[in-house]
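Take a look at the structure set out below.
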Amino acid sequence: MGRVSRTLFKLLLLLLVLASLLFITPLHEGKPLLNWSQVAWPTLPTPALPAAPIQAEPTAPVTVYRWRDAHGVWQYGSTPPTDGSAYESRTVETTANAALFPPVAPRTAGKTEAAAPAPAPSAAPSPYSLDAVKQLFDDARKLRDQGNARQQAADEL
């Protein structure tokens, strides 16, 4: 393998020297064939992101039906079983969200509030402070507990 890697290294060195000659050696009218100003990364247009849909009104709760089929397997559906099997129905709130978000102040029509000035960089708390890390873990525990509660509610369906 040593001989192959030495040969590849020599080949790459030769290609580098030849490529650099295109920028150095004067060819046409005393100018080199390539100029560093001609070397640039291609630019791609930035795609426009679609606007997030705004939901005007919260969606209505959904009724979910649960029953056991002939093989004893739980079945779920948006309509009750048609074969006359015994079923349970549950109403599921579809506007609930698993993520904890800070409360947002309500907007009033026609009024615009001035944004609060940003704190000076020296006044900003460090994200690595003991209090910030403790708060992060507390928020993570709340999310975990909320997810467990949701899973338990889904299992009870």
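The values are calculated or read from the model by the stated rules, or taken from the named source; none is laboratory data. Just so it is clear, the model here is predicted, and its values are computed rather than measured. Here the Cβ is made from the backbone with ideal geometry for all residues, glycine too, and neighbour counts use every protein chain on show.
Checked against the criterion of being closer than 23 Å to Asp155 by Cα, loosely packed, with under 10 Cβ neighbours inside 10 Å, modelled with pLDDT of 80 or more and β-branched (Val, Ile, Thr), the candidates Val4, Val73 yield just one match: Val73.
Between Thr79, Thr108, Thr112, the distinction of being outside the structural domain of Ala154 (by TED's automatic domain parsing) and at pLDDT 70 or above belongs to Thr79 only.
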